[in-house]
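Trainee: What follows is a structure written as C-alpha coordinates; I'll ask about it next.
The values are calculated or read from the model by the stated rules, or taken from the named source; none is laboratory data. The shown structure was predicted, so the numbers you read here are calculated from the model rather than taken from an experiment. Cβ sites come from the backbone with ideal geometry, for glycine too, and all protein chains shown count toward neighbours. Side chains included, ligands, DNA and RNA excluded: accessible areas come from the protein's heavy atoms. Shrake-Rupley method; radii C 1.70, N 1.55, O 1.52, S 1.80 Å.
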Amino acid sequence: MSQPYDRVFNFSAGPCTLEVEVLEEAREGLLNWRGTGMSVMEMSHRGKAYDGIIRKAEADLRQLMGIPDNYKVLFLQGGASLQNTMVPMSFLGAGETADYIVTGAWGKKSEEAAQMIGKVNSAYSGKSHNYSDIPGPEEIALSVNPAYVHYTSNETIQGVEFPRALEFKAPVVCDMSSNILSRPVDVSKFHIIYAGAQKNMGPAGVTLVIISDEMLAKAPEKTHPMLDYRLNVENESMYNTPPCWGIYMCGLTYAWLLRNGGVPAMYERNKGKAAIVYKAIDESSGFYKGHACPHCRSLMNVTFNLPSEELTKDFIKVAEENKLDGLKGHRSVGGIRASIYNAFPREGCVVLADVMRDFAQRKG
Ligand code: PMP
(Lines give C-alpha, C1' and ligand atoms only; values in the text may rest on other atoms or scores of the structure.)
Protein backbone atom coordinates (compact mmCIF):
# COMPACT_ATOMS: atom_id res chain seq x y z
CA MET A 1 0.00 0.00 0.00
CA SER A 2 1.89 3.06 -1.15
CA GLN A 3 1.62 6.28 0.81
CA PRO A 4 1.68 9.83 -0.58
CA TYR A 5 5.22 11.08 -1.22
CA ASP A 6 6.47 7.56 -0.52
CA ARG A 7 6.09 8.19 3.20
CA VAL A 8 6.42 5.40 5.76
CA PHE A 9 3.91 4.64 8.50
CA ASN A 10 5.58 6.58 11.27
CA PHE A 11 4.73 5.21 14.73
CA SER A 12 7.07 7.62 16.58
CA ALA A 13 5.93 8.87 19.98
CA GLY A 14 6.63 12.55 19.28
CA PRO A 15 7.73 14.28 17.19
CA CYS A 16 5.49 12.11 15.12
CA THR A 17 3.55 11.87 11.93
CA LEU A 18 1.65 14.98 10.87
CA GLU A 19 -1.33 15.11 8.55
CA VAL A 20 -0.25 15.22 4.88
CA GLU A 21 -2.88 17.85 4.10
CA VAL A 22 -1.40 20.04 6.85
CA LEU A 23 2.14 19.57 5.55
CA GLU A 24 0.98 20.42 2.05
CA GLU A 25 -0.62 23.61 3.29
CA ALA A 26 2.53 24.45 5.21
CA ARG A 27 4.40 24.48 1.89
CA GLU A 28 2.50 27.66 1.11
CA GLY A 29 3.67 29.15 4.38
CA LEU A 30 7.23 28.22 3.58
CA LEU A 31 7.89 30.60 0.70
CA ASN A 32 5.18 33.19 0.15
CA TRP A 33 2.32 33.18 2.58
CA ARG A 34 -0.86 34.52 1.01
CA GLY A 35 0.85 37.11 -1.13
CA THR A 36 2.82 38.70 1.68
CA GLY A 37 5.96 37.83 -0.26
CA MET A 38 7.52 36.09 2.68
CA SER A 39 7.52 32.90 4.68
CA VAL A 40 5.63 32.63 7.96
CA MET A 41 9.12 31.99 9.35
CA GLU A 42 10.29 35.34 8.09
CA MET A 43 7.50 37.66 9.13
CA SER A 44 7.46 39.82 12.23
CA HIS A 45 5.50 38.34 15.09
CA ARG A 46 4.25 41.89 15.76
CA GLY A 47 2.91 42.34 12.22
CA LYS A 48 -0.70 42.20 11.06
CA ALA A 49 -0.27 38.97 9.11
CA TYR A 50 1.11 37.02 12.03
CA ASP A 51 -1.40 38.52 14.41
CA GLY A 52 -4.12 37.00 12.23
CA ILE A 53 -2.39 33.60 12.26
CA ILE A 54 -2.05 33.33 16.04
CA ARG A 55 -5.54 34.69 16.68
CA LYS A 56 -7.12 32.22 14.30
CA ALA A 57 -5.15 29.37 15.87
CA GLU A 58 -6.50 30.31 19.28
CA ALA A 59 -10.06 30.82 18.04
CA ASP A 60 -10.08 27.44 16.29
CA LEU A 61 -8.66 25.70 19.36
CA ARG A 62 -11.31 27.34 21.55
CA GLN A 63 -13.98 26.05 19.21
CA LEU A 64 -12.49 22.54 19.04
CA MET A 65 -12.20 22.13 22.80
CA GLY A 66 -15.13 24.32 23.82
CA ILE A 67 -12.82 26.41 25.99
CA PRO A 68 -14.94 28.67 28.21
CA ASP A 69 -14.39 32.45 28.08
CA ASN A 70 -13.04 32.49 31.63
CA TYR A 71 -9.99 30.50 30.50
CA LYS A 72 -6.85 31.89 28.88
CA VAL A 73 -4.92 30.14 26.14
CA LEU A 74 -1.15 30.45 25.95
CA PHE A 75 1.35 29.26 23.38
CA LEU A 76 4.62 29.02 25.28
CA GLN A 77 8.03 27.40 24.96
CA GLY A 78 10.04 25.06 27.16
CA GLY A 79 7.95 21.98 26.49
CA ALA A 80 5.55 20.26 28.85
CA SER A 81 8.66 19.76 30.98
CA LEU A 82 8.87 23.44 31.84
CA GLN A 83 5.22 23.38 32.92
CA ASN A 84 6.25 20.72 35.43
CA THR A 85 8.27 23.48 37.08
CA MET A 86 6.12 26.54 36.32
CA VAL A 87 3.02 25.01 37.89
CA PRO A 88 4.50 24.42 41.37
CA MET A 89 6.55 27.64 41.17
CA SER A 90 3.34 29.58 40.80
CA PHE A 91 0.80 27.53 42.71
CA LEU A 92 2.59 25.57 45.42
CA GLY A 93 3.15 28.14 48.12
CA ALA A 94 4.93 27.82 51.46
CA GLY A 95 2.86 25.77 53.88
CA GLU A 96 0.82 24.24 51.05
CA THR A 97 0.79 20.70 49.67
CA ALA A 98 0.31 19.61 46.07
CA ASP A 99 -0.99 16.14 45.29
CA TYR A 100 0.44 14.05 42.47
CA ILE A 101 -1.19 10.98 40.94
CA VAL A 102 1.56 9.11 39.17
CA THR A 103 0.59 6.54 36.56
CA GLY A 104 3.79 6.54 34.53
CA ALA A 105 7.17 8.02 33.73
CA TRP A 106 5.91 11.50 32.84
CA GLY A 107 3.80 11.87 35.95
CA LYS A 108 6.86 10.82 37.95
CA LYS A 109 8.88 13.59 36.34
CA SER A 110 6.15 16.10 37.12
CA GLU A 111 6.15 14.99 40.74
CA GLU A 112 9.94 15.20 41.02
CA ALA A 113 9.97 18.72 39.61
CA ALA A 114 7.38 19.80 42.18
CA GLN A 115 9.32 18.16 45.02
CA MET A 116 12.18 20.54 44.28
CA ILE A 117 9.87 23.46 44.95
CA GLY A 118 7.53 22.54 47.77
CA LYS A 119 5.67 19.90 49.69
CA VAL A 120 4.27 17.09 47.62
CA ASN A 121 1.89 14.34 48.60
CA SER A 122 2.17 11.19 46.49
CA ALA A 123 -1.54 10.56 46.19
CA TYR A 124 -1.00 7.47 44.06
CA SER A 125 1.93 5.68 42.47
CA GLY A 126 1.71 2.82 39.99
CA LYS A 127 5.40 2.01 40.30
CA SER A 128 4.87 -1.38 41.99
CA HIS A 129 3.22 -2.76 38.83
CA ASN A 130 5.54 -0.86 36.48
CA TYR A 131 2.79 1.61 35.66
CA SER A 132 0.43 -0.81 33.99
CA ASP A 133 -2.78 0.41 35.62
CA ILE A 134 -4.68 3.47 36.81
CA PRO A 135 -6.05 3.90 40.33
CA GLY A 136 -9.65 3.42 41.29
CA PRO A 137 -11.12 6.28 43.37
CA GLU A 138 -10.44 4.38 46.62
CA GLU A 139 -6.73 4.10 45.80
CA ILE A 140 -6.17 7.85 45.57
CA ALA A 141 -5.04 9.25 48.92
CA LEU A 142 -5.43 13.02 48.71
CA SER A 143 -4.03 15.33 51.35
CA VAL A 144 -6.28 17.70 53.28
CA ASN A 145 -7.00 20.73 51.12
CA PRO A 146 -4.25 20.39 48.47
CA ALA A 147 -3.21 23.46 46.46
CA TYR A 148 -3.91 21.38 43.36
CA VAL A 149 -4.05 17.78 42.15
CA HIS A 150 -1.84 16.88 39.21
CA TYR A 151 -2.19 13.92 36.88
CA THR A 152 -1.18 12.81 33.39
CA SER A 153 -4.17 11.87 31.27
CA ASN A 154 -2.15 9.59 28.99
CA GLU A 155 1.22 8.11 29.85
CA THR A 156 3.09 8.08 26.56
CA ILE A 157 5.75 5.55 27.55
CA GLN A 158 3.61 2.97 29.32
CA GLY A 159 0.53 3.39 27.13
CA VAL A 160 -1.80 3.90 30.08
CA GLU A 161 -4.70 6.31 29.67
CA PHE A 162 -7.51 7.47 31.93
CA PRO A 163 -10.75 6.67 30.07
CA ARG A 164 -12.49 9.48 31.96
CA ALA A 165 -11.29 12.77 33.39
CA LEU A 166 -10.57 12.82 37.13
CA GLU A 167 -12.58 15.22 39.24
CA PHE A 168 -11.69 16.63 42.64
CA LYS A 169 -12.76 19.54 44.80
CA ALA A 170 -9.23 20.91 44.60
CA PRO A 171 -8.04 22.50 41.33
CA VAL A 172 -7.05 19.84 38.80
CA VAL A 173 -3.87 20.31 36.76
CA CYS A 174 -3.47 17.90 33.87
CA ASP A 175 -0.61 17.09 31.55
CA MET A 176 -2.44 16.21 28.34
CA SER A 177 0.63 16.18 26.12
CA SER A 178 -0.08 12.88 24.46
CA ASN A 179 -3.86 12.78 24.19
CA ILE A 180 -5.02 16.36 23.82
CA LEU A 181 -7.65 16.73 21.08
CA SER A 182 -7.92 12.94 20.74
CA ARG A 183 -11.14 12.64 22.78
CA PRO A 184 -13.73 15.07 24.11
CA VAL A 185 -12.76 16.77 27.36
CA ASP A 186 -14.78 19.16 29.52
CA VAL A 187 -12.25 21.96 30.02
CA SER A 188 -14.29 23.48 32.84
CA LYS A 189 -13.38 20.47 35.03
CA PHE A 190 -9.71 21.53 34.97
CA HIS A 191 -7.87 24.60 36.14
CA ILE A 192 -4.73 24.04 34.11
CA ILE A 193 -4.26 21.87 31.05
CA TYR A 194 -0.86 21.77 29.39
CA ALA A 195 0.57 19.90 26.45
CA GLY A 196 3.63 19.86 24.25
CA ALA A 197 2.54 20.31 20.63
CA GLN A 198 4.63 17.56 19.11
CA LYS A 199 2.07 14.75 19.24
CA ASN A 200 -1.43 15.87 18.37
CA MET A 201 -0.90 19.46 17.31
CA GLY A 202 2.23 20.25 15.35
CA PRO A 203 6.01 20.34 15.49
CA ALA A 204 8.03 20.44 18.72
CA GLY A 205 8.72 23.85 20.22
CA VAL A 206 5.23 24.99 21.19
CA THR A 207 3.64 24.30 24.56
CA LEU A 208 -0.05 24.87 24.95
CA VAL A 209 -1.37 26.05 28.30
CA ILE A 210 -5.05 26.51 29.10
CA ILE A 211 -5.58 28.18 32.46
CA SER A 212 -8.66 29.36 34.32
CA ASP A 213 -8.98 32.96 35.42
CA GLU A 214 -9.57 31.66 38.92
CA MET A 215 -6.19 29.91 38.95
CA LEU A 216 -4.49 32.84 37.31
CA ALA A 217 -5.70 35.06 40.12
CA LYS A 218 -3.74 32.86 42.53
CA ALA A 219 -0.46 33.24 40.61
CA PRO A 220 2.17 35.36 42.34
CA GLU A 221 2.04 39.08 41.52
CA LYS A 222 5.54 38.95 40.18
CA THR A 223 7.95 36.20 39.30
CA HIS A 224 10.72 35.52 36.76
CA PRO A 225 9.30 37.02 33.58
CA MET A 226 9.54 33.98 31.33
CA LEU A 227 7.95 31.82 34.04
CA ASP A 228 5.19 34.27 34.86
CA TYR A 229 1.72 33.14 33.73
CA ARG A 230 0.28 36.61 34.31
CA LEU A 231 2.90 38.31 32.19
CA ASN A 232 2.46 35.77 29.42
CA VAL A 233 -1.31 36.30 29.50
CA GLU A 234 -0.96 40.10 29.53
CA ASN A 235 1.33 39.85 26.51
CA GLU A 236 -0.92 37.35 24.70
CA SER A 237 1.88 34.75 24.43
CA MET A 238 4.25 37.39 23.03
CA TYR A 239 6.26 38.53 26.01
CA ASN A 240 9.19 37.41 23.90
CA THR A 241 9.34 36.09 20.35
CA PRO A 242 6.95 33.15 20.21
CA PRO A 243 7.65 29.92 18.28
CA CYS A 244 5.97 31.50 15.25
CA TRP A 245 6.26 28.64 12.78
CA GLY A 246 5.18 26.02 15.29
CA ILE A 247 2.09 28.01 16.27
CA TYR A 248 1.25 28.43 12.57
CA MET A 249 1.49 24.65 12.11
CA CYS A 250 -0.70 24.03 15.17
CA GLY A 251 -3.21 26.43 13.62
CA LEU A 252 -3.22 24.42 10.39
CA THR A 253 -3.83 21.26 12.41
CA TYR A 254 -6.72 22.87 14.32
CA ALA A 255 -8.30 23.95 11.04
CA TRP A 256 -7.84 20.43 9.64
CA LEU A 257 -9.52 18.99 12.74
CA LEU A 258 -12.46 21.37 12.36
CA ARG A 259 -12.84 20.42 8.69
CA ASN A 260 -12.91 16.76 9.68
CA GLY A 261 -15.59 16.62 12.35
CA GLY A 262 -13.57 17.99 15.26
CA VAL A 263 -12.69 16.10 18.42
CA PRO A 264 -15.76 13.76 18.52
CA ALA A 265 -14.92 12.46 15.02
CA MET A 266 -11.26 11.99 15.99
CA TYR A 267 -12.33 10.06 19.07
CA GLU A 268 -14.39 7.63 16.99
CA ARG A 269 -11.53 7.25 14.51
CA ASN A 270 -8.99 6.76 17.30
CA LYS A 271 -11.09 4.06 18.98
CA GLY A 272 -11.33 2.20 15.69
CA LYS A 273 -7.60 2.49 14.98
CA ALA A 274 -6.53 1.33 18.44
CA ALA A 275 -9.01 -1.59 18.36
CA ILE A 276 -7.31 -2.95 15.22
CA VAL A 277 -3.95 -3.23 17.01
CA TYR A 278 -5.30 -4.41 20.38
CA LYS A 279 -7.25 -7.12 18.56
CA ALA A 280 -4.02 -8.42 17.06
CA ILE A 281 -2.54 -8.56 20.58
CA ASP A 282 -5.57 -10.28 22.11
CA GLU A 283 -5.90 -12.87 19.35
CA SER A 284 -2.24 -13.90 19.44
CA SER A 285 -2.74 -16.61 22.11
CA GLY A 286 -0.34 -14.83 24.43
CA PHE A 287 2.45 -14.30 21.89
CA TYR A 288 2.02 -10.55 22.29
CA LYS A 289 1.41 -9.29 25.83
CA GLY A 290 -0.13 -5.85 26.26
CA HIS A 291 1.57 -3.73 28.93
CA ALA A 292 -1.49 -1.78 30.09
CA CYS A 293 -4.46 -3.38 31.81
CA PRO A 294 -7.30 -3.57 29.28
CA HIS A 295 -9.54 -1.02 31.05
CA CYS A 296 -6.87 1.73 30.75
CA ARG A 297 -5.36 0.90 27.39
CA SER A 298 -4.25 4.01 25.61
CA LEU A 299 -5.83 4.97 22.31
CA MET A 300 -2.66 6.87 21.46
CA ASN A 301 0.27 4.61 22.46
CA VAL A 302 -0.21 0.87 22.14
CA THR A 303 2.48 -0.94 24.15
CA PHE A 304 3.18 -4.66 24.08
CA ASN A 305 5.93 -7.20 24.54
CA LEU A 306 7.06 -10.24 22.61
CA PRO A 307 8.35 -13.46 24.22
CA SER A 308 12.02 -12.46 23.94
CA GLU A 309 14.41 -9.63 23.17
CA GLU A 310 15.56 -11.47 20.08
CA LEU A 311 12.04 -11.82 18.71
CA THR A 312 11.44 -8.12 19.43
CA LYS A 313 14.46 -7.14 17.34
CA ASP A 314 13.37 -9.50 14.62
CA PHE A 315 9.85 -8.06 14.68
CA ILE A 316 11.14 -4.50 14.33
CA LYS A 317 13.23 -5.58 11.35
CA VAL A 318 10.24 -7.21 9.65
CA ALA A 319 8.12 -4.16 10.41
CA GLU A 320 10.69 -1.86 8.82
CA GLU A 321 10.72 -4.01 5.71
CA ASN A 322 7.00 -3.24 5.57
CA LYS A 323 7.61 0.51 5.94
CA LEU A 324 6.47 0.55 9.57
CA ASP A 325 8.85 2.87 11.38
CA GLY A 326 9.45 3.95 14.98
CA LEU A 327 8.01 0.90 16.74
CA LYS A 328 10.75 0.25 19.28
CA GLY A 329 9.38 0.60 22.80
CA HIS A 330 10.89 2.83 25.45
CA ARG A 331 13.73 1.10 27.31
CA SER A 332 11.80 1.13 30.62
CA VAL A 333 8.97 -0.98 29.19
CA GLY A 334 10.83 -2.72 26.35
CA GLY A 335 8.98 -4.40 23.54
CA ILE A 336 6.97 -2.41 21.06
CA ARG A 337 5.20 0.92 21.21
CA ALA A 338 2.92 1.94 18.39
CA SER A 339 2.03 5.61 18.69
CA ILE A 340 -1.08 6.28 16.67
CA TYR A 341 -2.04 9.90 17.30
CA ASN A 342 -4.83 11.77 15.48
CA ALA A 343 -2.86 12.21 12.26
CA PHE A 344 -1.75 8.59 12.06
CA PRO A 345 -3.60 6.88 9.20
CA ARG A 346 -5.92 3.93 9.85
CA GLU A 347 -4.26 1.94 7.04
CA GLY A 348 -1.05 1.95 9.09
CA CYS A 349 -2.85 0.14 11.94
CA VAL A 350 -4.21 -2.41 9.47
CA VAL A 351 -0.74 -3.08 8.05
CA LEU A 352 0.75 -3.35 11.54
CA ALA A 353 -1.93 -5.84 12.65
CA ASP A 354 -1.35 -7.92 9.51
CA VAL A 355 2.40 -7.96 10.12
CA MET A 356 1.79 -8.93 13.77
CA ARG A 357 -0.48 -11.83 12.82
CA ASP A 358 1.88 -13.10 10.18
CA PHE A 359 4.91 -12.81 12.48
CA ALA A 360 3.18 -14.64 15.37
CA GLN A 361 2.09 -17.42 13.04
CA ARG A 362 5.64 -17.94 11.80
CA LYS A 363 7.46 -17.55 15.13
CA GLY A 364 4.87 -18.48 17.74
N1 PMP B 1 4.41 14.70 29.35
C2 PMP B 1 4.11 13.71 28.49
C3 PMP B 1 2.86 12.91 28.73
C4 PMP B 1 4.94 13.45 27.41
O5 PMP B 1 4.65 12.45 26.57
C6 PMP B 1 6.09 14.23 27.20
C7 PMP B 1 7.01 14.05 26.03
N8 PMP B 1 7.02 12.86 25.42
C9 PMP B 1 6.37 15.24 28.14
C10 PMP B 1 5.51 15.46 29.18
C11 PMP B 1 7.58 16.10 27.98
O12 PMP B 1 7.31 16.98 26.96
P13 PMP B 1 8.38 17.98 26.38
O14 PMP B 1 9.39 17.15 25.67
O15 PMP B 1 7.54 18.82 25.47
O16 PMP B 1 8.96 18.74 27.51
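Trainee: Right, Ser12: polar (S, T, N, Q), assigned to a loop (DSSP other than H, G, I, E, B) and not assigned by TED's automatic domain parsing to the domain that holds Leu216 or not? Spell out the reasoning first.
Mentor: Details: polar (S, T, N, Q): yes; assigned to a loop (DSSP other than H, G, I, E, B): yes; not assigned by TED's automatic domain parsing to the domain that holds Leu216: yes.
Yes; evaluated as a whole, the condition is true for this residue.
Trainee: Mind telling me which of the residues Ala274, Ala338, Ala280, Ala292 ends up being within 23 Å of Tyr131 (Cβ to Cβ), assigned to a strand (DSSP E or B) and open to solvent by less than 50 Å² (accessible area, probe 1.4 Å)? Spell out how you get there, then give the answer.
Mentor: Values: Ala274 fails: assigned to a strand (DSSP E or B); Ala280 fails: assigned to a strand (DSSP E or B); Ala292 fails: assigned to a strand (DSSP E or B).
When all the criteria are applied, what remains is Ala338.
Trainee: Of the conditions (1) charged (D, E, K, R); (2) within 12 Å of the ligand (Cβ to nearest atom); (3) open to solvent by 30 Å² or more (accessible area, probe 1.4 Å), Lys199 satisfies every one except a single condition; which number is it?
Mentor: Every listed condition holds for Lys199 apart from (3).
Trainee: Turning to a different aspect of this structure: Could you check the range 179-201 and list, in sequence order, the residues that are within 11 Å of the chain's Cα centre (by Cα) and more than 16 Å from Lys72 (Cα to Cα)?
Mentor: Listed by number, the residues that qualify are Asn179, Ile180, Leu181, Ser182, Gly196, Ala197, Gln198, Lys199, Asn200, Met201.
Trainee: Go through (1) without any contact (Cβ under 8 Å) to a residue 60 or more places away in the chain; (2) more than 14 Å from Gly159 (Cβ to Cβ) one by one and return the number of the condition Glu283 breaks.
Mentor: (1)
Trainee: Scan the range 188-206 and report the pairs whose first residue is of a type in the set (Val, Ile, Thr) and whose second residue is within 9 Å of the ligand (Cβ to nearest atom) and assigned to a loop (DSSP other than H, G, I, E, B), with Cβ atoms within less than 9 Å and a gap of 6+ or a chain change.
Mentor: What qualifies is Ile193/Ser153; Ile193/Met176; Val206/Ala197; Val206/Gln198.
Trainee: If you don't mind, there's one more thing I want to ask. Residues that are within 16 Å of the ligand (Cβ to nearest atom), at least 2 per element: which strands (runs of 3 or more DSSP E) completely within the range 40-157 meet that? Reasoning before the result, please.
Mentor: On the way: elements: 71-76, 97-102, 119-125, 149-152.
Ranges flagged: 71-76, 97-102, 149-152.
Trainee: Mind checking which residues of the range 109-119 are open to solvent by 30 Å² or more (accessible area, probe 1.4 Å) and either within 18 Å of Glu155 (Cα to Cα) or aliphatic (A, V, I, L, M) (or both)?
Mentor: The answer is Lys109, Glu112, Met116, Ile117.
Trainee: (1) part of a loop (DSSP other than H, G, I, E, B); (2) touching a Phe, Trp or Tyr at 6+ places or on another chain (Cβ under 7 Å); (3) under 30 Å from Gly290 (Cβ atoms): which one isn't true of Pro163, the others all being true?
Mentor: Every condition holds for Pro163 apart from (2).
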